[in-house]
Amino acid sequence: MAALLLPACRGTVEPATPDRLPNRSPGPSTALPPLPAACGPTAGAVSTSLASLPVTDPLVTFDSAWSIIGRTHWDTTYHGVNWNAVRAELRPTAAAATTTGELRAVLSDMLARLNQSHFSIIPREIADATGSGTGSGSAGAPSADRSGSIGAEVRYLDSTIVIAQIDRDGPAARAGVQTGWRVHSVNGCPLSARLARMPKEPDARRVALTAYSIATRSLAGAVGDTATVVFTDARGADRTVRLVRAPEPGVVAKFGNLPAMNAQLSFTRVKSAGKTVGIIRFNIWMPILSPQFDAAIDSLRDADAILLDIRGNFGGVGGMSMGIAGHFLDSTRTIGTMVQRGATLKFVANPRRVDTRSRGVSPYAGPLAIVVDELSISTTEIFAGGMQALGRAQVFGVQTSGQALPSVPERLPNGDILYHAIADFLNPRGKPLEGAGVMPDRVVPLTRQALLAGRDPALDAAIAWAVASATAK
Amino acid sequence: MQALRAFAVASAAMLLLTAPLSAQAAPSAADVLATYVTAIGGKDAIMKITSLKQTSTMQVPAVGLTADVESYQAAPNKMAIKSTIPGVGEMLQGTNGEIAWDANPMQGPRLLSDKELAQTLEGADFYGNMLYPVDRFSKMANLGVVDFNGEKSYKLTLIRKDSGRETTQYFSVATGLIVGAETVQESQMGALQVSSTLSDYKDFGGVKFPTKTEVTMGANKLIMTITNVVINGVPATAFDIPEAVKPLIKK
């Protein structure tokens, strides 16, 4: 199987240090006031259910994790880290671990030393959850079930959490929530209190990701549970809205050891200046969506231009990027290169010349726009960066996350998942995506003012370009 | 002094005798392969097989995936593999002896070409892969006895005539069975060093098959476990070109 995994898991948490930046070293420790009582356990504590369990043979798991990295890290200098010294330093701490949580903390510390994306521990209770929901939490206790949603996407703008998109038929839409509203508190817990605990981080993209994670964890809960959310509307007035969480639209995707994830794909047609632009949105690169994407392309073959909105798409199965790219290429092209230890593999996209009904077709040849943001991660960056470098797509939005290391989720002896990168990834011009990410051809930031006005600047710019390109063609 | 000279002459004679004896002790590659054919059941038993269906599982421990695999082969050169992977769907690979295909839900269908095609056709060489006829190889050599996975094994280097592909194969001195192989696998993504160990031989229809194969490809490891082999009776339709592949074939 050629598929390599390149996800940044939404389910990935580091249980002992829940407010740590995902997959990164913690920032300097600072004294913080305690969270208000309404906030309950620290955000991100969804994995605490097994953290207090006694651990047996902690060194077996520790040594296994250390060896896997030692064997598979593509850089034999380990990103400048003395890997043997890390083992010598942390092994005694691992040996002294008496609970699963303590062992996870040591493992997370070890991985953080590499200071690279896609290294983390996924607790087994998250990896093995089916994603179908386990019902409400007991009274007063937060539920570990987070399959329910208020039906809205958020972004971190101007140091606050803002509603950026609303599901048409979701709880937020039914309650009259508007894009651009600030999320002030959830069930009495002010988001600002949680956001204040974010570690110092110079990279705004990482801050945005951490803030997003905190906000989505706060807003999610069991299906049927009620979230009392205080918003700040366009006029600066507080609005208290009770939202009964509903199942997220889409399907639950489970792929190997990865946690179950909600996979959504939708497409629509927009008419502008006499041209038709097909817009496809999907939130994750899971193979379960491939047939849906193929069907969307079939439906949009007659469109004058196609726009892929992959903002907030956290990545997924890398092999899928080649198949999606093939819908837009008329010859076999390489969208990037994966550099493993002892092997260099090209991500080759073949033209998709057969439709979903097994009929011969030509790949889509019209203008292609891709919209990304700081939460476009991993496979999303591989795809967007590849298509941009090949000159096949114009990219709009803001610089992507820069977390694009091919990785795999490997089970450790204690049942937890070691999520670890196994390769570097270079775009078709030989430039690493890790750190840099993808810089759009047209940088169009999102603003709260635009959201309050019902506009989507990056999408609007991409549509305008697509229409102009189609007209000029 | 004379005694010393006599000892030296005797020693030299011993050396002269020993060298050819050692050479005789190491069988030729063709001999090792003939022993292998005998060990798995013999040419007569193999030639009674005209087709087979293997049912197996393929585990990818690093990812936590297990695929169900149905593999069909028929003489002289047909092969079709259907792998069903949870969360992905059905992946089809095969050849009818002329063209070879790969169709999966993530990347769509494609026809194989160049080295990939040549390697797939070789992989479908039904009797060639069981009988090791010398006419399939441009070079066969026994490099001697080595330790492979704790087992004394003959290390053979074999170069296929058609593709020029070189493999190193290990045959147990004790059993004659193949226990390992190393080669470079060509794919559209690039060349990949592949090594495999074969074990747990079981008899199906008078021929032994290794029911466990562990494959290491770069940083990845696959474990193939055969659960059943049905000898003969594979319908010709098993090798039909998939509908999704047909539009790619130039008339």
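Out of the residues in region A:338-353 that are among the aliphatic types (A, V, I, L, M) and within 11 Å of residue B:107 (Cα to Cα), state the one that is farthest from the other protein chains (Cβ to nearest Cβ).
A:349
Of (1) within 23 Å of residue A:407 (Cα to Cα); (2) assigned to a helix (DSSP H, G or I), residue A:347 satisfies all except one. Which?
(2)
Which one of these is within 15 Å of the chain's Cα centre (by Cα), within 22 Å of residue B:81 (Cβ to Cβ) and free of Cβ contacts under 8 Å to residues at least 60 places away in the same chain: B:237, B:213, B:168?
Only one candidate passes the filter, namely B:213.
Any idea which of (1) of a type in the set (A, V, I, L, M, F, W, C); (2) touching a strand residue (DSSP E or B) at 6+ places or on another chain (Cβ under 9 Å); (3) over 30 Å from residue A:411 (Cβ atoms); (4) at pLDDT 95 or above is the one residue B:26 doesn't satisfy?
Among (1) of a type in the set (A, V, I, L, M, F, W, C); (2) touching a strand residue (DSSP E or B) at 6+ places or on another chain (Cβ under 9 Å); (3) over 30 Å from residue A:411 (Cβ atoms); (4) at pLDDT 95 or above, residue B:26 violates only (4).
Scan region B:73-93 and give yes if some residue there is of a type in the set (Asp, Glu) and either under 20 Å from residue A:334 (Cα atoms) or crowded, with 18+ Cβ neighbours inside 10 Å (or both), otherwise no.
No, there is no match, as no residue in region B:73-93 is of a type in the set (Asp, Glu) and either under 20 Å from residue A:334 (Cα atoms) or crowded, with 18+ Cβ neighbours inside 10 Å (or both).
State which residue is nearest to the other protein chains (Cβ to nearest Cβ) when the search covers only region A:229-269 and only residues that are in contact with a Gly (Cβ under 7 Å, 6 or more places away or on another chain), modelled with pLDDT of 95 or more and not in a loop (DSSP other than H, G, I, E, B).
Filtering first and then ranking leaves A:263.
Condition first: in a loop (DSSP other than H, G, I, E, B) and at the interface with another protein chain (Cβ under 9 Å from one of its Cβ atoms). Now tell me which residues in region A:358-374 satisfy that.
Those that are in a loop (DSSP other than H, G, I, E, B) and at the interface with another protein chain (Cβ under 9 Å from one of its Cβ atoms): A:358, A:359, A:361.
List every residue pair whose Cβ atoms sit under 6 Å apart, with the two residues 6 or more apart in sequence or on different chains, where the first one lies in region B:95-112 and is within 7 Å of chain A (Cβ to nearest Cβ) and the second, anywhere, is among the polar types (S, T, N, Q).
These pairs meet every condition: B:105/A:290; B:106/A:290; B:110/A:350.
Determine whether residue A:290 is crowded, with 23+ Cβ neighbours inside 10 Å, of a type outside the set (A, V, I, L, M, F, W, C) and touching a helix residue (DSSP H, G or I) at 6+ places or on another chain (Cβ under 9 Å).
Taking the combined requirement at face value, the residue satisfies it.
With the structure loaded, tell me whether residue A:57 is at pLDDT 50 or above and either within 18 Å of residue A:102 (Cβ to Cβ) or within 19 Å of the chain's Cα centre (by Cα) (or both) or whether it fails that test.
So residue A:57 passes the test.
Out of (1) in a helix (DSSP H, G or I); (2) more than 29 Å from residue A:288 (Cα to Cα); (3) among the polar types (S, T, N, Q), what's the single condition that is false for residue B:73?
With (1) in a helix (DSSP H, G or I); (2) more than 29 Å from residue A:288 (Cα to Cα); (3) among the polar types (S, T, N, Q) applied to residue B:73, the lone miss is (1).
Considering (1) part of a strand (DSSP E or B); (2) surrounded by fewer than 21 Cβ atoms within 10 Å (Cβ to Cβ); (3) within 14 Å of another protein chain (Cβ to nearest Cβ); (4) not basic (Lys, Arg), say which one residue B:55 fails and leave the rest.
(3)
Here are the criteria: (1) charged (D, E, K, R); (2) part of a loop (DSSP other than H, G, I, E, B); (3) out of contact with any Leu (no Cβ under 7 Å at 6 or more places or on another chain). Tell me which single one residue A:201 does not satisfy.
Only one criterion in (1) charged (D, E, K, R); (2) part of a loop (DSSP other than H, G, I, E, B); (3) out of contact with any Leu (no Cβ under 7 Å at 6 or more places or on another chain) is unmet by residue A:201, namely (3).
In region A:263-278, which residues are closer than 25 Å to residue A:385 by Cβ and touching a residue at least 40 places away in the same chain (Cβ under 8 Å)?
Hit for region A:263-278 is A:277, nothing else.
If I filter region B:224-235 for residues that are within 14 Å of chain A (Cβ to nearest Cβ) and not in a loop (DSSP other than H, G, I, E, B), do I get at least one hit?
yes
Quick test for you: out of B:154, B:170, pick the one residue that is within 30 Å of residue B:139 (Cβ to Cβ), in contact with a Ser or Thr (Cβ under 7 Å, 6 or more places away or on another chain) and part of a strand (DSSP E or B).
B:170
For residue A:281, indicate whether it is surrounded by fewer than 24 Cβ atoms within 10 Å (Cβ to Cβ) and more than 10 Å from every other protein chain (Cβ to nearest Cβ).
In short, yes.
Tell me, yes or no, whether region A:190-205 has at least one residue that is buried (at least 17 other Cβ atoms within 10 Å of the Cβ), of a type in the set (Gly, Ala, Ser) and in contact with a strand residue (DSSP E or B) (Cβ under 6 Å, 6 or more places away or on another chain).
No, region A:190-205 contains no residue that is buried (at least 17 other Cβ atoms within 10 Å of the Cβ), of a type in the set (Gly, Ala, Ser) and in contact with a strand residue (DSSP E or B) (Cβ under 6 Å, 6 or more places away or on another chain).
Using the structure shown, decide if residue A:217 is of a type in the set (Lys, Arg) and at pLDDT 95 or above.
no
Select, from A:430, A:437, A:415, A:454, the only residue that is within 14 Å of another protein chain (Cβ to nearest Cβ) and assigned to a loop (DSSP other than H, G, I, E, B).
Step by step, each of A:430, A:437, A:415, A:454 is checked, and only A:415 is within 14 Å of another protein chain (Cβ to nearest Cβ) and assigned to a loop (DSSP other than H, G, I, E, B).
Using the structure shown, decide if residue A:217 is closer than 18 Å to residue A:314 by Cβ, of a type in the set (Lys, Arg) and either in contact (Cβ under 8 Å) with a residue 40 or more places away in the chain or touching a Lys or Arg at 6+ places or on another chain (Cβ under 6 Å) (or both).
The answer is yes for residue A:217.
Note down all Cβ pairs under 8 Å where the first residue falls in region A:67-92 and is away from chain B (no Cβ under 13 Å), the second is β-branched (Val, Ile, Thr), and they're at least six residues apart or on different chains.
That search, which allows pairs on different chains as well, returns A:78/A:69; A:83/A:69; A:90/A:106.
Only one of (1) of a type in the set (D, E, K, R); (2) at pLDDT 95 or above; (3) surrounded by 15 or more Cβ atoms within 10 Å (Cβ to Cβ) fails for residue B:147. Which number is that?
Unmet for residue B:147, out of (1) of a type in the set (D, E, K, R); (2) at pLDDT 95 or above; (3) surrounded by 15 or more Cβ atoms within 10 Å (Cβ to Cβ): (3).
In region B:29-52, which residue that is hydroxyl-bearing (Ser, Thr, Tyr) and either in a helix (DSSP H, G or I) or within 14 Å of chain A (Cβ to nearest Cβ) (or both) is surrounded by the fewest Cβ atoms within 10 Å (Cβ to Cβ)?
Across region B:29-52, the extreme among qualifying residues is B:38.
Looking at the structure I just gave you, is residue B:71 within 14 Å of chain A (Cβ to nearest Cβ) and in contact with a Leu (Cβ under 9 Å, 6 or more places away or on another chain)?
When the stated conditions are applied, residue B:71 does not pass them.
Could you give every pair whose Cβ atoms fall below 7 Å, whose first residue belongs to region B:240-251 and is at the interface with chain A (Cβ under 10 Å from one of its Cβ atoms), and whose second residue is among the basic types (Lys, Arg) and surrounded by fewer than 15 Cβ atoms within 10 Å (Cβ to Cβ), counting only separations of at least 6 or pairs across chains?
Listed by first residue and then by second, the contacts come to B:247/A:359.
Do we have any residue at all in region A:316-328 that's in a strand (DSSP E or B), within 11 Å of another protein chain (Cβ to nearest Cβ) and closer than 19 Å to residue B:112 by Cα?
no
Among the numbered criteria (1) surrounded by fewer than 23 Cβ atoms within 10 Å (Cβ to Cβ); (2) at negative phi; (3) out of contact with any helix residue (DSSP H, G or I) (no Cβ under 8 Å at 6 or more places or on another chain), which one does residue A:342 miss?
Status for residue A:342: all satisfied but (2).
The values are calculated or read from the model by the stated rules, or taken from the named source; none is laboratory data. Just so we're clear, the structure is a prediction, and the values are computed from it rather than from any experiment. Here Cβ is always computed from backbone atoms with ideal geometry, including for glycine, and neighbour counts include all displayed protein chains.
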